1. Return yes or no: is Ser54 under 23 Å from Leu222 (Cβ atoms), assigned by TED's automatic domain parsing to the domain that holds His248 and within 16 Å of the ligand (Cβ to nearest atom)?
2. Taking the condition outside the structural domain of Asp110 (by TED's automatic domain parsing), part of a loop (DSSP other than H, G, I, E, B) and in contact with a strand residue (DSSP E or B) (Cβ under 6 Å, 6 or more places away or on another chain), does Val298 pass?
3. All but one of (1) in contact with a helix residue (DSSP H, G or I) (Cβ under 9 Å, 6 or more places away or on another chain); (2) under 20 Å from Asp7 (Cβ atoms); (3) not polar (S, T, N, Q) hold for Leu325, so report the exception by its number.
4. Might you check whether a residue that is more than 14 Å from Leu247 (Cβ to Cβ), of a type outside the set (Asp, Glu), out of contact with any His (no Cβ under 7 Å at 6 or more places or on another chain) and within 16 Å of the ligand (Cβ to nearest atom) occurs anywhere in region 20-37?
5. State the number of residues belonging to region 104-155 that are touching a helix residue (DSSP H, G or I) at 6+ places or on another chain (Cβ under 8 Å), within 13 Å of the ligand (Cβ to nearest atom) and either among the small types (Gly, Ala, Ser) or more than 30 Å from Met1 (Cβ to Cβ) (or both).
6. Taking region 5-42 on its own, how many of its residues are under 30 Å from Asn261 (Cβ atoms), among the hydroxyl-bearing types (Ser, Thr, Tyr) and in a loop (DSSP other than H, G, I, E, B)?
7. Could you say whether any residue in region 196-204 is within 30 Å of Pro10 (Cβ to Cβ), of a type outside the set (A, V, I, L, M) and either in the same structural domain as Gly322 (by TED's automatic domain parsing) or away from the ligand (no atom under 13 Å from the Cβ) (or both)?
8. Of everything in region 58-96, what is surrounded by 17 or more Cβ atoms within 10 Å (Cβ to Cβ) and more than 16 Å from the ligand (Cβ to nearest atom)? Give them in sequence order.
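The values are calculated or read from the model by the stated rules, or taken from the named source; none is laboratory data. None of the values given here were measured: they were computed from a predicted structure. Heads up, the Cβs are rebuilt from the backbone with ideal geometry, glycines too, and the neighbour counts pull from every protein chain shown.
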Amino acid sequence: MGPGPSDVSPRVLEALGRPTIGHLDPEFVGLMDEIKSLLHYAFQTNNELTLPVSAPGSAGMEACFVNLVSPGDTVIVCQNGVFGGRMKENVERCGGTAVMVEDEWGQPIDIAKVKAAFEQYPTAKVLAFVHAETSTGVQSDAKALCQLATDNHALSIVDTVTSVGGINVDIDGWGADAVYSGTQKCLSCVPGISPVSFGPRAVAAIQNREHKVQSWFLDMQLVMGYWGGNTKRAYHHTAPVNAMYALHESLLMLKEEGLENAWQRHQTHHDALVAGLEAMGLSMVVDKAHRLPQLNLVNLPEGADDAAVRAALLSEYSLEIGAGLGALAGKAWRIGLMGHACSKKNVVLCLSALDNVLSAQGAKINSGVAVAAALASY
Ligand SMILES: *Cc1c(COP(=O)(O)O)cnc(C)c1O
């Protein structure tokens, strides 16, 4: 129950262990087509250029930046946690200038500040932001931000690594231009793959580039030769065949459950977890309106030793929860309810284990009431 990788279901692990076939085998090519169509479902898009990059979420991030940012470009980057900082790094390594719009950690991106940034930098080429900030448990308004980018003739780059499968990601409804995600958060697949999707405006920008993309591996024009639909597939790199079996299975599971049902499941267990934590006397870091159901930031109670509590949860209950990051280090825990790990069983385990460990260490909590409060929430 940390901030990822989340628990991988036995079905996905079984798929991972199937015999490895060639990456140009007709059977595998058929599987690639199915993965693309399942990604269209998960991302809610018809974008033709939708495919899994053969590397983790960070590579999906980099794929978006290296393909869309050229030397001299101005990029407005929103930062309200760890991952906005990495976007800045990417812009600068592409030779662009990052204009930072900063919000406090634990707060969503302030739309008015982004508007003001566009007024100050009307020729900005890209707006980049994180939809679900895993470092703080905050959700920002992706639809409004994508609209703002479109209104200002800029492309949007959206990080949905933690969102997909946990909350609504609606690429076509938002009008998002370039979106990347990851397999190891709410998709509950093994880490190491990054689904990406580029809309028509982003594809046009890639086709009209004047400089070659500085990364050979992440150059979408080359990757398309392998993943593209119509032409004969050409060798670009050897796809991680078994990891693709696993991704296929996890996307199939999401489709079988249904997107809305998956979002509802995350919300239901989140509500129960919060009811239990609050009954225990703990408080949440993020305002209710902006909380991510899949990543719960809770303030440490008085008298709790951050590292000792997490170590006891791990050794006594095999339960992992995440430490706070940056401004929240040592002050908050990050409790994940992602994908396959988002279950009543885990909510009850987490609350009873926390109650036990905190009580044993003499922290100030209301002992013995959390599980009942969670069950009442169900
Ligand atoms: C986890 C995460 C990433 C990076 O994904 P990796 O698979 O660790 O490379 C990027 N952005 C967000 C918001 C994340 O939560």
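1. Numbers: under 23 Å from Leu222 (Cβ atoms): yes; assigned by TED's automatic domain parsing to the domain that holds His248: yes; within 16 Å of the ligand (Cβ to nearest atom): yes.
Yes, satisfied.
2. On the way: outside the structural domain of Asp110 (by TED's automatic domain parsing): yes; part of a loop (DSSP other than H, G, I, E, B): no; in contact with a strand residue (DSSP E or B) (Cβ under 6 Å, 6 or more places away or on another chain): yes.
The answer is no for Val298.
3. With respect to (1) in contact with a helix residue (DSSP H, G or I) (Cβ under 9 Å, 6 or more places away or on another chain); (2) under 20 Å from Asp7 (Cβ atoms); (3) not polar (S, T, N, Q), Leu325 is out only on (2).
4. Within region 20-37 (the criterion being more than 14 Å from Leu247 (Cβ to Cβ), of a type outside the set (Asp, Glu), out of contact with any His (no Cβ under 7 Å at 6 or more places or on another chain) and within 16 Å of the ligand (Cβ to nearest atom)), the answer is no, since none of the residues qualifies.
5. Qualifying residue count for the region: 4.
6. So the answer is 2.
7. Just the residues of region 196-204 that are within 30 Å of Pro10 (Cβ to Cβ), to begin with: 196-197.
From what is left, the residues that are of a type outside the set (A, V, I, L, M) are 197.
Then drop every residue that is not either in the same structural domain as Gly322 (by TED's automatic domain parsing) or away from the ligand (no atom under 13 Å from the Cβ) (or both), which leaves 197.
Yes, there is a match, as at least one residue in region 196-204 is within 30 Å of Pro10 (Cβ to Cβ), of a type outside the set (A, V, I, L, M) and either in the same structural domain as Gly322 (by TED's automatic domain parsing) or away from the ligand (no atom under 13 Å from the Cβ) (or both).
8. Result: Asn67, Leu68, Val69, Ser70, Asp73, Thr74, Val75, Ile76, Cys94, Gly96.
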